[in-house]
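A.B. asks: Mind looking over this structure? Questions follow.
Bear in mind these aren't lab numbers, they're just calculated from the coordinates by the rules spelled out. The structure displayed is predicted, hence computed values, not measured ones. Here the Cβ positions follow ideal geometry from the backbone for every residue, glycine too, while neighbour counts run over all protein chains shown.
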Amino acid sequence: MVDEGVPALMELVATIEFLPQETDWQVLALLLLAAFAAGWIDAVVGGGGLLQLPALLLVPGMTPVQALATNKLASVFGTATSSVAFYRRVRPSLRTTLPMAGIALLGSYGGASIAAFLPAEVFKPIIVAALLTVALITLLRPSLGSVTSLRFTGARHFVTAGAIGAVIGFYDGLLGPGTGTFLVIALVALLGYDFLRASAKAKIVNFATNIGALLYFVPIGAVLWPLGLAMGAANIVGSVLGSRMAIARGSRFVRVLFLCVVGVLIVKLGFDIWRDASA
C-alpha cells in the first residue's frame, strides 16, 4: 500500500506550482529579499506591500491574481509575527482591536470578491488626495500621534473603530498596498492613539484583512503555496527585526518612517494615475 501511494504523492507534488516556468533562482532570491524588507516595513509602520507586490508582479509568467494572492499569504506570516511582538510589549486594548479586526476581515473578503467588477482607477485619485492631506497635517502638527488622547468615548469610539475597519478592510481586498499605513493614519488622526499604539493595533487588524482576502483567493486556486510560504518565512525574519526596532525607539521613530512610507505611496499612486491617463 505504501509503495503504491508514493507515485501518487510524487505526482501530486509535481502538480504544485512553485514559480512560473520562466522564473530562475536569481528572481527567487530577489523575491525573498523583497519579502524580508516588506516584513520589516510592515512591522514598523505598514506599507510593506508597496515593495512585495510590485516585486511579484515583475515575475515573468505570473498573473496579477496570483501575485495578489501570494502576496497575501506571505504577508499573513509577517503580520501575525508583528502582532504577537507588539501585543507582548505594548499591550494594546483588545476591546477595540478585536471587533475592529473582525469587521475588517469581512470588509477585506468583500473587497476581494468584487475587485474584478470595480475599476481600481476610480479610487486612486481620492486616495492620493487623502494621503496628501494626512501628510501635511502630520508635518504641520508635530504633536500628532506623540501621545494617546482619545477623541471619543463609549459607543462612539467603537462605532468609529468599526467603520475604519470596514472601509480599510474593503480597500485591502480591492487594492491592497498601503493598508497598514492607512490603518495607522486612521487610528492616530480619527481615534487619537499615539503612533506606537496605533501601529500595535494596526498589525492585528492587518492580519485579519490578509486572512479575509485569502478566504476568497484560496478557493479559486490563485495562491502559489510554496513560493508564498518561502516568502512568508522571509517576512517573519523582517517582521521580528522591525517590531523590536519600533518598540525600542518609540512613537517619534514610527512617525518619521510613517511620513517616508506615505511619501512613497503618494508617488506610486500618482504614477499609476498618470500612466492610466496616458494609456
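A.B. asks: Could you tell me which of 227, 273, 99 has its Cα farthest along the dipole of segment 24-274 towards the positive end, charges placed at Cβ (Lys, Arg +1; Asp, Glu -1), taken about the Cα centre?
C.D. replies: The listed residue farthest towards the positive side: 99.
A.B. asks: Continuing with this model, one more query. Specify the angular offset, from 0 to 90 degrees and rounded to the nearest 10, of the alpha carbon long axis of helix 94-114 from the longest principal axis of the alpha carbons in the chain.
C.D. replies: Around 50 degrees separate the two axes.
A.B. asks: I need the fraction of alpha carbon pairs in segment 130-262 separated by more than 20 Å, rounded to a whole percent.
C.D. replies: 50
A.B. asks: At 222 nm, what helix-only mean residue ellipticity would the chain give, in deg cm²/dmol to the nearest 500, using -39500 (n - 2.57) for each DSSP H run of four or more?
C.D. replies: Helix contribution divided over all residues of the chain: -27000 deg cm²/dmol.
A.B. asks: Let me ask you something else. Residues with beta-carbon under 12 Å from that of residue 244, excluding residue 244: net charge, scoring Lys, Arg +1 and Asp, Glu -1?
C.D. replies: Details: positive: 88, 89, 249; negative: none.
Around residue 244, the charge tally is +3.
A.B. asks: Work through the residues other than residue 260 whose Cβ is under 15 Å from its Cβ and net out their charges, Lys, Arg +1 and Asp, Glu -1.
C.D. replies: +3
A.B. asks: Let me ask another. So, how do all the Cα-to-Cα distances of segment 24-274 break down into 5 Å bins, in percent, from 0 on up?
C.D. replies: 1, 7, 15, 19, 21, 18, 11, 5, 2, 0, 0, 0
A.B. asks: Give the relative contact order (percent, whole number) for the chain; include only Cα pairs under 8 Å separated by 6+ residues. Before the final figure, lay out each step's value.
C.D. replies: Working: 458 pairs, mean separation 102.4, N = 279.
Relative contact order, the chain: 37 percent.
A.B. asks: Then there's this: Calculate one ³J(HN,Hα) per residue across segment 246-262 by plugging θ = phi - 60° into the Karplus curve 6.51 cos²θ - 1.76 cosθ + 1.60, and present them in order as whole Hz with x for glycine and proline.
C.D. replies: 3J(HN,Hα) across segment 246-262, in whole Hz: 5, 5, 5, 8, x, 5, 4, 4, 4, 4, 5, 5, 4, 5, 4, 5, 4.
A.B. asks: Within a Cβ distance under 14 Å of residue 148, other residues only, what is the Lys/Arg minus Asp/Glu net charge?
C.D. replies: +4
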